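Below you'll find the structure, written out as structure tokens, and then a few comments.
The values are calculated or read from the model by the stated rules, or taken from the named source; none is laboratory data. These numbers come from a predicted model, not from an experiment. So basically every Cβ, Gly included, is an ideal-geometry build from the backbone, and we count neighbours across all protein chains shown. For accessibility, only protein heavy atoms count, side chains too; no ligands or nucleic acids. Shrake-Rupley method; radii C 1.70, N 1.55, O 1.52, S 1.80 Å.
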Amino acid sequence: MKNITNFEHLKTDNQIDLYVCKNPKFKTNLIQFVIITPLKKDTVSKNALVPFMIYRGSKKYPTSKDFKIILDELYGAELTVSVWKRGENQIINFALEIVNEKYLPTDEPLLEKGFDLLRELILNPLLTEEFFDQEREFIIKEIKSLINDKYSYSLARCYQEMCPDEPYGLHKLGRIEDHQALTHSQVVEQYNNILFKSKIAFFVIGDVNQKRVYQDVNQNFTFEHKQDLEINNTIIKNDVNNIKEVEDGLNVQQGKLVMGFRTVTTRSDDLYYPLIVFNGILGAFPHSKLFQNVREKSSLAYYASSNIESTKGLLMITSGIEFANYTKAKEIINEQLEKLKKGDISEDELEWTRKSIINQYLSSADNIKGLSGHYLLGLINRKPETISESIEKLS
């Protein structure tokens, strides 16, 4: 497994970081173009619009229908665009998963055709006024609809309250008022700006020839690029002097209790692996303390779990509760944290947690996008590691 999760890092002539993982276990190849740029109030909304406008059409494929036709011709290739937030980085993602021609009765160079399609998408987009208007309205509706998903909404509200003066408090899609004030030309200018200045991580994973991949990327993605923007200037705070308690009154039947903590530990720290084991024992799995004590034994919550944001250094505890159970649920949650602080951890809890996390890693290694996602998160934290290396450290 060690070899098939390794990435070779190469630099193209225009300073694109190319990461190639030769992995014969996959029957498809992943071509992924990732732009990593700082999460900022004055650019977050512009950046969020970019991939969705680009996906609407290019000079060679001017409509969504044209894109779908070419994807069908490439034996059902899958093209996705998305926007993420990792720490105080906004990530614009273009990913094309395409079948390896070795497994088809054809001599078509599908990998090269995949590179051609992605290049056309990224370097020759139409970015019309019509696309701008339509996608802006779509994103505004998406932001407004967040309140309909009470779990996501409650998490987003907690982040806002925890980080009111930090970029992390911003939503990955930006702010409605900023979208309403944007112009078409501002978004086009911003796209050219991030394409020139931002870190670009280009992933190719599959049963590929690394030398051939480098030649294709180096020859085809020849736009002007000079990385000026630093990645991951995330603010890590440890001076929390008081507990902030906020209540939002909504007309709902089930309450959402979200508790946010500063761990001051990120993926680049030595305590990262102890942190993920801590989180596993606390609330990441069915055997964890929160699930067993808050939900199963006390029946105080419909769900109770915890997760970490490993770039920002946050730990979030979430639970769905009856309003009348708020005080008691919070009390039992705090009891579980105290048990961990005192070392009240059984050998079974430790081993079940370790095995569960390793199984998650193994599952990621079997998923072509999971493989790139794991390595990308390490890159953002300036400590890239393969899944094999993560398993070794956890063991």
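Residue by residue through segment 256-304, note down the ones that are more than 23 Å from the chain's Cα centre (by Cα), within 22 Å of residue 354 (Cα to Cα), part of a loop (DSSP other than H, G, I, E, B) and in contact (Cβ under 8 Å) with a residue 12 or more places away in the chain.
Correct list: 287, 288.
Does residue 394 satisfy being of a type outside the set (Phe, Trp, Tyr) and within 25 Å of the chain's Cα centre (by Cα)?
For residue 394, the condition - of a type outside the set (Phe, Trp, Tyr) and within 25 Å of the chain's Cα centre (by Cα) - is met.
Pairs under 9 Å by beta carbon, first residue farther than 13 Å from residue 173 by Cβ and open to solvent by 40 Å² or more (accessible area, probe 1.4 Å) in segment 133-154, partner outside any helix (DSSP H, G or I) and among the polar types (S, T, N, Q), six or more apart or different chains?
Sorted first by the residue in segment 133-154, then by its partner, the pairs are 150/254; 151/318.
How about segment 55-76: which of its residues are closer than 30 Å to residue 156 by Cα and part of a helix (DSSP H, G or I)?
none
Can you name every residue in segment 195-230 that is under 19 Å from residue 380 (Cα atoms), in a helix (DSSP H, G or I) and open to solvent by 40 Å² or more (accessible area, probe 1.4 Å)?
Residues satisfying the conditions are 196, 197.
Go through (1) open to solvent by 40 Å² or more (accessible area, probe 1.4 Å); (2) assigned to a helix (DSSP H, G or I); (3) modelled with pLDDT of 95 or more for residue 307 and report which single condition fails.
The single condition residue 307 does not satisfy is (2).
Looking at segment 169-180, is at least one residue hydrophobic (A, V, I, L, M, F, W, C), touching a helix residue (DSSP H, G or I) at 6+ places or on another chain (Cβ under 6 Å) and not in a loop (DSSP other than H, G, I, E, B)?
The answer is yes; a qualifying residue exists.
Does any residue of segment 40-48 turn out to be assigned to a helix (DSSP H, G or I), more than 25 Å from residue 380 (Cα to Cα) and not small (Gly, Ala, Ser)?
No, segment 40-48 has no match at all.
In segment 116-150, what count of residues is obtained for those that are polar (S, T, N, Q) and in contact with a strand residue (DSSP E or B) (Cβ under 9 Å, 6 or more places away or on another chain)?
Residues flagged as polar (S, T, N, Q) and in contact with a strand residue (DSSP E or B) (Cβ under 9 Å, 6 or more places away or on another chain) within segment 116-150 amount to 1.
Would you mind finding the one in 371, 300 that is more than 23 Å from residue 263 (Cβ to Cβ) and at pLDDT below 95?
300
Name every residue in segment 305-331 that is basic (Lys, Arg) and either over 28 Å from the mean Cα position of the chain (by Cα) or farther than 29 Å from residue 238 by Cα (or both), in order of residue number.
328, 330
Against the definition (of a type in the set (A, V, I, L, M, F, W, C), at pLDDT 95 or above, surrounded by 22 or more Cβ atoms within 10 Å (Cβ to Cβ) and touching a helix residue (DSSP H, G or I) at 6+ places or on another chain (Cβ under 7 Å)), how does residue 290 come out, yes or no?
In short, yes.
In segment 176-233, what residues are small (Gly, Ala, Ser) and under 30 Å from residue 146 (Cβ atoms)?
181, 185, 198, 201
Would you pick out the residues in segment 11-28 that are over 27 Å from residue 74 (Cα atoms) and either hydrophobic (A, V, I, L, M, F, W, C) or part of a loop (DSSP other than H, G, I, E, B) (or both)?
13, 14, 15 - these are the residues of segment 11-28 that are over 27 Å from residue 74 (Cα atoms) and either hydrophobic (A, V, I, L, M, F, W, C) or part of a loop (DSSP other than H, G, I, E, B) (or both).
Can you tell which of 263, 234, 183, 222 is under 30 Å from residue 104 (Cβ atoms) and of a type outside the set (A, V, I, L, M)?
222
Kindly establish whether residue 79 is open to solvent by 10 Å² or more (accessible area, probe 1.4 Å), in a loop (DSSP other than H, G, I, E, B) and either of a type in the set (Lys, Arg) or in contact (Cβ under 8 Å) with a residue 40 or more places away in the chain (or both).
no
Any idea which of 31, 4, 36 is of a type outside the set (D, E, K, R), more than 12 Å from residue 90 (Cα to Cα) and assigned to a strand (DSSP E or B)?
Answer to the selection: 31.
So, in segment 82-107, exactly how many residues are aliphatic (A, V, I, L, M) and either farther than 30 Å from residue 162 by Cβ or open to solvent by 30 Å² or more (accessible area, probe 1.4 Å) (or both)?
5
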